[in-house]
Amino acid sequence: MRKIPCALFRGGTSKGVVFCAEDLPPAGDERDRVLLRLMGSPDLRQIDGLGGANSLTSKVAVLSRSEREDADLDYDLGQVLLDRPEVAWNGTCGNLASAAGLFALEEGLVGSCAPATTVRFYSLNVRQCIHVTVPVAEGRPVCEGDFRIPGVPFPGSRIVVEFCDPVGGITGSMLPTGQVRERVILPDGRVFDVSVVDAGLPMVFLLAENLGLRGDELPGEIEARPEILETLETVRKVLCGRIAEHTGMTSMLTAPDVPKIGFFARSAAYRTAEGKVVEAAEVDFLGRAASMQKMHRAYMVSGAVCTAAAAVIPGTVVNELLGTFPEGPQKVLRLGQPYGAMNLHITEENGRIARIGVERSARRLMDGHVYVPEDGKGGGEPCRR
């Protein structure tokens, strides 16, 4: 076997393995084979690897020095599929970006200074800069604290993840179908009002009521109704086709991870996955998101960035749910997700969306070496035990 240095991190509401690019083969088929083998895919249990048998816990981040003047490090995010031998590099993950920022400072890849240091990443996946600001004390990054985020049971320090100039990162267009709002009519006659926005990544937005839902359902409730997941995937694929037609990106026709898709409703009181009651006045709207044909247990950061953008674009289904909208260049929207309110920070400059930020926490869970059998050869150094 071969051994490859790595660290296992919880970042936001995701979990993944962080690598330095020099410890892996170059990007391509060989690197994908190594990552699949060390994560234990394809296997729904991922019993023979580091993956957690869930799309939220089957991610890898690969960091390398950036040649760009506006970035310290390049950030490559891989979604390791469970059901087939594939690593998807189409999207990015803001949750794991918080872990990558912490890793970069802990490993000395970027110098740190108190009271906080911003690590500037260039996301190779979406061709955007992501800034991760981590608190620092006595020359070391701080991961402990009393800051809590919905979906994580334990507190940590407040880490801010900001997507810079997030509009059109993957498709090159804020509205990748060319429409602010459009209709999807399925063969059985069902009609869905949708919007598609690309900010951070592309995402399809539906109204919960079109699905016969309230909008406050928990992920387990939706997954107990496979017809809902099937409908979401059918609608998503229709929009994949429209994106491909409008942008010429034929890769969208088969992409399993983008666009994401979610359904939304007006603010209302609801009970979280932990049994706590969130009052209607505590959130501005309700949202549930799906990724890789499964419901996200909380809410993905990249999807939250796109949701924030959709909220400020007049005429989208999300924008029309909000009613009264905050004034001024600095806006904070409160998204009611399955674990509670998620704050979305929007900064506008000269009539454009300059930055969208989300508050996260992260911590290192384990580090050392992962052992890869020779049938997943490549990278690392020979194991001499």
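So which residues in the range 10-60 are under 27 Å from Gly340 (Cα atoms), of a type in the set (A, V, I, L, M, F, W, C) and touching a residue at least 40 places away in the same chain (Cβ under 8 Å), if there are any at all? Give the steps one after another, and end with the answer.
Start the filter on the range 10-60 by keeping residues that are under 27 Å from Gly340 (Cα atoms), which leaves 10-17, 51-60.
Subsequent filtering for residues that are of a type in the set (A, V, I, L, M, F, W, C) retains 17, 53, 56, 60.
Scanning the range 10-60 gives Val17, Leu56, Val60.
So which of Phe103, Phe121 is at pLDDT 95 or above, farther than 30 Å from Glu274 by Cα and crowded, with 21+ Cβ neighbours inside 10 Å? Working first, answer last.
Values: Phe103 fails: farther than 30 Å from Glu274 by Cα.
Sole residue among the options that is at pLDDT 95 or above, farther than 30 Å from Glu274 by Cα and crowded, with 21+ Cβ neighbours inside 10 Å: Phe121.
Look through Gly220, Gly215, Gly287, Gly262 and report the one residue that is within 22 Å of the chain's Cα centre (by Cα), assigned by TED's automatic domain parsing to the domain that holds Leu333, over 21 Å from Gly178 (Cβ atoms) and assigned to a strand (DSSP E or B). Don't jump to the end; show me each part of the working.
Working: Gly220 fails: assigned to a strand (DSSP E or B); Gly215 fails: assigned to a strand (DSSP E or B); Gly262 fails: over 21 Å from Gly178 (Cβ atoms).
Going through Gly220, Gly215, Gly287, Gly262 in turn, just one is within 22 Å of the chain's Cα centre (by Cα), assigned by TED's automatic domain parsing to the domain that holds Leu333, over 21 Å from Gly178 (Cβ atoms) and assigned to a strand (DSSP E or B): Gly287.
Filter the range 356-379 down to the residues that are at pLDDT below 95 and either assigned to a strand (DSSP E or B) or surrounded by 22 or more Cβ atoms within 10 Å (Cβ to Cβ) (or both) and list them by number. Let's see the steps before the verdict.
So the first thing to find is which residues in the range 356-379 are at pLDDT below 95, and the list is 373-379.
Result: Gly379, single match.
Run Val301 past the list (1) free of Cβ contacts under 8 Å to residues at least 60 places away in the same chain; (2) within 15 Å of Pro202 (Cα to Cα) and report the number of the one that doesn't hold.
(1)
Which one is surrounded by the fewest Cβ atoms within 10 Å (Cβ to Cβ) among residues in the range 124-144 that are in a loop (DSSP other than H, G, I, E, B) and out of contact with any Pro (no Cβ under 6 Å at 6 or more places or on another chain)? Reasoning before the result, please.
First, the residues of the range 124-144 that are in a loop (DSSP other than H, G, I, E, B): 124-127, 138-139, 142-144.
Then drop every residue that is not out of contact with any Pro (no Cβ under 6 Å at 6 or more places or on another chain), which leaves 124-127, 138-139, 143-144.
Working: Leu124: 17, Asn125: 22, Val126: 27, Arg127: 12, Glu138: 6, Gly139: 10, Cys143: 21, Glu144: 12.
So, considering only residues that are in a loop (DSSP other than H, G, I, E, B) and out of contact with any Pro (no Cβ under 6 Å at 6 or more places or on another chain), the one surrounded by the fewest Cβ atoms within 10 Å (Cβ to Cβ) is Glu138.
Counting only residues that are of a type outside the set (D, E, K, R) and within 22 Å of Ile159 (Cβ to Cβ), how many does the range 1-25 have? Full working, then the answer.
Filtering the range 1-25 down to residues of a type outside the set (D, E, K, R) leaves 1, 4-9, 11-14, 16-21, 24-25.
From the residues that got through so far, the ones that are within 22 Å of Ile159 (Cβ to Cβ) too are 6-9, 11-14, 16-20.
Number satisfying all stated conditions: 13.
State yes or no: is Gly248 at pLDDT 95 or above and at positive phi? Don't jump to the end; show me each part of the working.
Values: at pLDDT 95 or above: no; at positive phi: yes.
No.
For the subset of the range 290-328 comprising residues that are among the charged types (D, E, K, R) and in contact with a helix residue (DSSP H, G or I) (Cβ under 7 Å, 6 or more places away or on another chain), which member is surrounded by the most Cβ atoms within 10 Å (Cβ to Cβ)?
Residues of the range 290-328 that are among the charged types (D, E, K, R), as a first pass: 294, 297, 320, 327.
Filter again for in contact with a helix residue (DSSP H, G or I) (Cβ under 7 Å, 6 or more places away or on another chain), leaving 294, 297.
Working: Lys294: 15, Arg297: 22.
Once the filter is applied, the top-ranked residue is Arg297.
Residue-wise test of (1) touching a Lys or Arg at 6+ places or on another chain (Cβ under 9 Å); (2) more than 23 Å from Met342 (Cα to Cα).
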{"residue": "Val238", "(1), (2)": "no, yes"}
{"residue": "Leu253", "(1), (2)": "yes, yes"}
{"residue": "Lys276", "(1), (2)": "no, no"}
{"residue": "Ala280", "(1), (2)": "yes, no"}
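The values are calculated or read from the model by the stated rules, or taken from the named source; none is laboratory data. Since the structure is predicted, the reported quantities are computational estimates derived from the model, not experimental observations. Glycine also receives a Cβ, built like all others from the backbone with ideal geometry; neighbour counts cover every protein chain displayed.
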